[in-house]
1. Return only the number of the condition from (1) modelled with pLDDT under 75; (2) over 17 Å from the mean Cα position of the chain (by Cα) that PRO49 does not satisfy.
2. Taking segment 67-98, which residues are modelled with pLDDT of 85 or more, hydrophobic (A, V, I, L, M, F, W, C) and assigned to a helix (DSSP H, G or I)?
3. Considering only segment 128-170, how many residues are in a helix (DSSP H, G or I) and modelled with pLDDT under 65?
Amino acid sequence: MLKVAADRQKNYADNRRKPLEFQVGDRVMWKVSPWKGVVRFGKRGKLSPRYLGPFEVVSRVGPVAYRLKLAKELSGFHDVFHVSNLKKCLFDETLIIPPGEVQVDDKLRFIEELVEVQDRKTQLRRSKIELVKVRWNSKRGPEFTWKRQDQMQQKYPHIFPPSAKTKPVK
């Protein structure tokens, strides 16, 4: 009875599973962050970039592991990846984003780079909240977000002149 249930469950799993195999020389995309809830470039969900690449498959290391040819900018990362972190790439030369243009930290999250403060405004709720409109460095074009000024001053003190410092909000 237990064998019948196990076989049935295996059959269900195998019907949904798609075998992923790559050949040497194939182009694949590398999944940047397999963890949910990581914010990239201030965007969440379906708008956040999830893959880097394309990278060339150099060799097959095991039944589910592949060695990729990574760029020099990504030399700090191990070059062997599990097949679940790879996706076949329909390679198009015109759409390549060089890895030097995308900065990734040691936890595989994108690094945001503040360019300048565009605008300021005060929002009134129970107390005054000073907001700044910030322009971020992005290769897809300018990205703007509204952030709290006191938090931005702590994170990026070199952007704000000493006269722009505000008192902490109580």
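1. Among (1) modelled with pLDDT under 75; (2) over 17 Å from the mean Cα position of the chain (by Cα), the lone unmet condition for PRO49 is (2).
2. Of everything in segment 67-98, just one residue is modelled with pLDDT of 85 or more, hydrophobic (A, V, I, L, M, F, W, C) and assigned to a helix (DSSP H, G or I), namely VAL83.
3. Summing the residues that are in a helix (DSSP H, G or I) and modelled with pLDDT under 65 in segment 128-170 gives 2.
The values are calculated or read from the model by the stated rules, or taken from the named source; none is laboratory data. Keep in mind it's a predicted model, so treat the numbers as computed, not measured.
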